[in-house]
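K.L.:
Below is a structure I'd like to ask you about.
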Amino acid sequence: MSKQQSFTDQLWDFFCSLKLAIITLILLALTSIIGTVIQQNKSPQEYMEMYGWSESTFKLLDSLQFFDMYHSYWFLSLLGIFAVNLICCSIKRLPRIIKVVREPVLKADDGLFRTFSNREEILAQGTVESVRDKVVAVLGEKFANPVVNGEDGKSYLFAQKGAYSRFGVYVTHTSILIIFVGAMIGNVWGFKAFVNITEGQSVNAIWLRGDKVPTPIDFEVRNDDFKVEFYEGGGRPKEYSSDLVVLENGQEVMKKTIEVNHPLTYKGLTFYQSSYGVAGDPIYRFRVENRATGDAVTIMGAQGRHLSLPGGKALIPMGYAENYQNFGPAAQVNIDKGDHQHGTPFLVFKNFPQFDERRGGDYKVTLLDVQQTYYTGLQVAKDPGVWVVWLGCLLLVVGSCGAFFLSHRRIWVTIQPLEQGVGVKIGGNAHRNQPAFALFFDELKKDLDDALSS
Amino acid sequence: MDSSLFFNITTIAYFAAMVVFIVYLTSKNEAIAFGATLICWAGFIANTVAIGMRWYEAYALGYQQAPLSNLYESVVFFAWSILLIYLLFDLKYKQRAIGAFVIPFAFAGMIWAQWSLDATIAPLVPALQSNWLTYHVITCFLGYAAFALACGVSFMYLIKVGKEERSAEESPIGGLLGMFPSTKVLDDLNYKAIMVGFPMLTLGIITGAAWANYAWGTYWSWDPKETWSLIVWFIYAAFLHARFTRGWVGRRAAWLSIFGFGATIFCYLGVNLVLSGLHSYGGS
């Protein structure tokens, strides 16, 4: 044997070892803490302000990739070691397990019997055949139908249950690798983007994260309407929703109102309601009454404009609040006296038309309504790997339940003629949850005793 | 009659059960242990009724949401989960003494919730209005509760094993420890509880990821809460694998279980109170 060979052997054993698995898991747990304490992916200025670090501290931590640690080379390497460990363990142990399941030992010799912690010997009367048939019947009823073999006047029985639970561990391990593969597919062929669409407008390009120019998509999305609803008696938002329409070559192909938690998916792209904002200035409508004459006019116009009033003066809408101190929609306005001198600003409320009565002045102003155009902020994602990840998750749950809660239970029986009658030797084991198996074995012994003594 | 009355009954019952369990340890009278278990059942039923009524009260206010919407509701649900897991373990393994080390977690939760948490029923913000919230919270908390039981049992193990080693030559241990299950049983219960908790935590992480993907298109974003749940998962995964290695049963396993529960509590509360992120129920 060359020295080279023994080194590869050592390396192989290292990557197969349980110790490596435990150490890797603990290292992953410990290092993961870093990224929860240091906020990730901020700008250098933000870090130095947030944590009061000097530039040298910042540079040191930056060189350790602590600011995007979950994508750092060392963290990914740790995950890589974890994956290699999982693969090696499985390659090493799986063939033996397959053998245990597919080619079970059908005839237990005395050596094997000695290894069982659950064993019993019963002396029965009759022939080997008659005793065997009784044992087969009891096993079949209480446990599983046994495989029967005969040799040299002896009878060998073997029965098993839950053999496939042996694979639970490997299903679990494989599922983690499948999740890794799914994540990689998503990283390579998927993307995250966002797009803002103003009400009434449509887009055919989205902004990939970190990009400075939009990326075209091969269909159009139009935002017909955006709504925000509030719970009664407070400013707590209840629901944001956007009426989206998907168009191809100018034809409407899909229509859906999306809300938070209810996205729209078309051609592998999913649009999520994520934010909103105001687009452009609001348009106001007021009713203005001349106190002296009682004449009233309705005027309409955008923020900052001089809206002429009869008599040469002008009303100027200055600002708008959707819900001013829980009094509902309010506008701040002032009246230009005609000499381009702004008057004192004052508030008018849509829900309280009489509010302006008390102010005095030449005009009584009532806010009729305000039309504010919104844009809806959509997150756009494409992730072809996500189904692979879900498959992995499903296998992870199924596999770990199998690995934890099912066990491979086996029973061997040897029946042989003895001087005083027929000797029945029973032994069995379970690869997990031995106490429960011991209880079951005691029951089985009793049943066999009853059957054989009758 | 409203839910707060039943929450009060729950708190009192858990306190009483805790005291009676301690009396049991000193008196060694099985009848007392049975009484403590009955009190646990009574408290559990009151806890269940209280959560049910709170659900109804939210519904009456016009909010269609399960009572899992803020820190207060999550803490009382945590107490409920601990009792559920404890009572199931009690039915199966009938080790009464562990109640003295598990019920205090539930009592601590209840008393904290009632004394200093805001019990107002507030409507959910849009991001949380999803059935995934219910699946996610229930699986996570059943996992946390099993880890709480494992932690309590691990404390018992460490106390008992320490005493055993010091008085190895003398007669069997008397006093309070006489009623403790054997160290072998405690070690096994620790393992069994984690075997229940681990798949639950796994499901909790998966339902969280599925929800995040459905709501934002990202199943994993290394948010501090997500990361801490993974840290907890890593710790218990290490625990489960350590069982197969010589030298990692017994004392070290008990410590690992206690660390694991410490990490669990940090994941549940610390992340919200100390760090910042998506799970904002603990924030001010």
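The values are calculated or read from the model by the stated rules, or taken from the named source; none is laboratory data. Just so we're clear, the structure is a prediction, and the values are computed from it rather than from any experiment. FYI the Cβ positions are ideal-geometry reconstructions off the backbone, even for glycines, and counts take in every protein chain you see. All accessible areas refer to the heavy atoms of the entire protein, side chains included, with ligands and DNA or RNA removed. Shrake-Rupley method; radii C 1.70, N 1.55, O 1.52, S 1.80 Å.
K.L.:
Which of the helices in chain A, when you take each full DSSP H run, stretch at least 18 Å along the axis at their Cα atoms and have an average Kyte-Doolittle score of -1.0 or higher?
P.N.:
Span-like helices in chain A: A:3-16, A:18-37, A:73-102, A:128-142, A:168-189, A:386-405, A:434-453.
K.L.:
Next question. How large a share of the accessible area of the range A:1-86, in percent, is made up of carbon and sulfur atoms when the probe is 1.4 Å and the other protein chains stay in place? Could you put the intermediate results ahead of the total?
P.N.:
Working: 3320 of 5140 Å².
About 65 percent, which is the carbon plus sulfur part of the accessible surface.
K.L.:
A follow-up question, please. Considering Cα pairs under 8 angstrom that are at least six residues apart, work out the relative contact order of the range A:97-213 and quote it in whole percent.
P.N.:
19 percent
K.L.:
Still on this model: For B:226, A:322, give the ranking by accessible area with the largest first, probe 1.4 Å.
P.N.:
Greatest to least solvent exposure: A:322, B:226.
K.L.:
Which one of A:273, A:334, A:346 has its Cα pushed farthest toward the positive end of the charge dipole of the range A:262-373, where Lys and Arg give +1 and Asp and Glu give -1 at the Cβ?
P.N.:
A:273
K.L.:
Calculate the spin-label point distance for residue A:322 paired with residue B:29, positioning each point 7 Å from the Cα along the beta-carbon direction, and give it in nanometres.
P.N.:
Placing both labels 7 Å along Cα→Cβ, they lie 6.5 nm apart.
K.L.:
Measuring from a point 7 Å past the Cα of residue A:78 along Cα-to-C-beta, which residues in the range B:206-250 have an amide N at less than 14 Å?
P.N.:
Residues passing the 14 Å test: B:227-235, B:238.
K.L.:
Before I look further, what does chain A give for accessible area per residue, probe 1.4 Å, in whole square angstrom?
P.N.:
It amounts to 54 Å² per residue over chain A.
K.L.:
So, one more: Considering the Cα positions of the range A:1-153, please state its Rg to one decimal place and its Dmax as a whole number of Å.
P.N.:
Rg, Dmax (Cα atoms, Å): 29.4, 92.
K.L.:
What figure in square angstrom, to the nearest 10, would you give for the accessible area of residue A:308 with a 1.4 Å probe?
P.N.:
Approximately 90 Å² of residue A:308 is accessible to the 1.4 Å probe.
K.L.:
Which distance in Å, rounded to a whole number, links the C-alpha centroids of the range A:233-302 and the range B:71-136?
P.N.:
Answer, in whole Å: 41.
K.L.:
Eigenvalues of the Cα gyration tensor times 5, then square-rooted: what semi-axes does that give for the protein assembly as shown, in whole angstrom, largest first?
P.N.:
They are 66, 33, 25 Å, listed largest first.
K.L.:
How large a share of the accessible area of the range A:228-366, in percent, is made up of carbon and sulfur atoms when the probe is 1.4 Å and the other protein chains stay in place?
P.N.:
On the range A:228-366, the fraction of accessible area on carbon and sulfur atoms equals 47 percent.
K.L.:
How large is the accessible surface of residue B:27 in square angstrom, using a 1.4 angstrom probe and rounding to the nearest 10?
P.N.:
My reading of the accessible area for residue B:27 is about 50 Å².
K.L.:
Name the shape class, rounded, prolate or oblate, that the alpha-carbon gyration tensor gives for chain B, where a ≥ b ≥ c are the square roots of its eigenvalues, rounded holds for a/c under 1.5, and otherwise prolate holds if a/b is larger than b/c and oblate otherwise. Let's see the in-between values first.
P.N.:
Working: a/c = 2.53, a/b = 1.37, b/c = 1.85.
Taking the square roots of the gyration eigenvalues as a ≥ b ≥ c, chain B is oblate.
K.L.:
May I pose another question? Give me the dipole magnitude in Debye, nearest 20, for the protein assembly as shown about the Cα centre, with unit charges on the beta carbon: positive for Lys and Arg, negative for Asp and Glu.
P.N.:
Once rounded to the nearest 20, the dipole reads 1480 debye.
K.L.:
Give the interface area between chains B and A as buried accessible surface, both sides summed, probe 1.4 Å, in Å² to the nearest 100.
P.N.:
3900 Å²
K.L.:
Suppose every Lys and Arg Cβ carries +1 and every Asp and Glu Cβ carries -1, with no other charges. What dipole size does the range A:393-454 come out with about its Cα centre, to the nearest 20 debye?
P.N.:
In debye, rounded to 20, the range A:393-454 gives about 320.
K.L.:
Another one. Quick one: dipole size for the range A:90-231, taken about the Cα centre, charges +1 on Lys/Arg Cβ and -1 on Asp/Glu Cβ, in debye to the nearest 20.
P.N.:
640 debye
K.L.:
Measure nothing but the geometry: give the 0 to 90° angle between the long axis through the Cα atoms of B:99-116 and the longest principal axis through the Cα atoms of chain B, rounded to 10°.
P.N.:
That helix lies at roughly 30 degrees to the long axis.
K.L.:
Go ahead and set up a Gaussian network model of chain B, Cα springs under 10 Å, then flag whichever of B:36, B:254, B:210 fluctuates most.
P.N.:
B:210
K.L.:
Can you give the FRET efficiency for residue A:295 and residue A:391, using 1/(1 + (r/R0)^6), R0 = 60 Å, r = Cβ-Cβ distance, to the nearest 0.05?
P.N.:
Efficiency at R0 = 60 Å is approximately 0.25.
K.L.:
A follow-up question, please. Over chain B, what is the relative contact order in percent, taking alpha-carbon pairs closer than 8 angstrom and at least six residues apart?
P.N.:
18 percent
K.L.:
For a test of the definition: using alpha carbon positions, the gyration tensor, and the 1.5 limit on a/c, classify the range A:109-248 as rounded, prolate or oblate.
P.N.:
Prolate.
K.L.:
Starting from the Cα coordinates of the range A:216-343, work out the convex hull volume and express it per residue in Å³.
P.N.:
Considering the Cα atoms of the range A:216-343, their hull volume per residue is 177 Å³.
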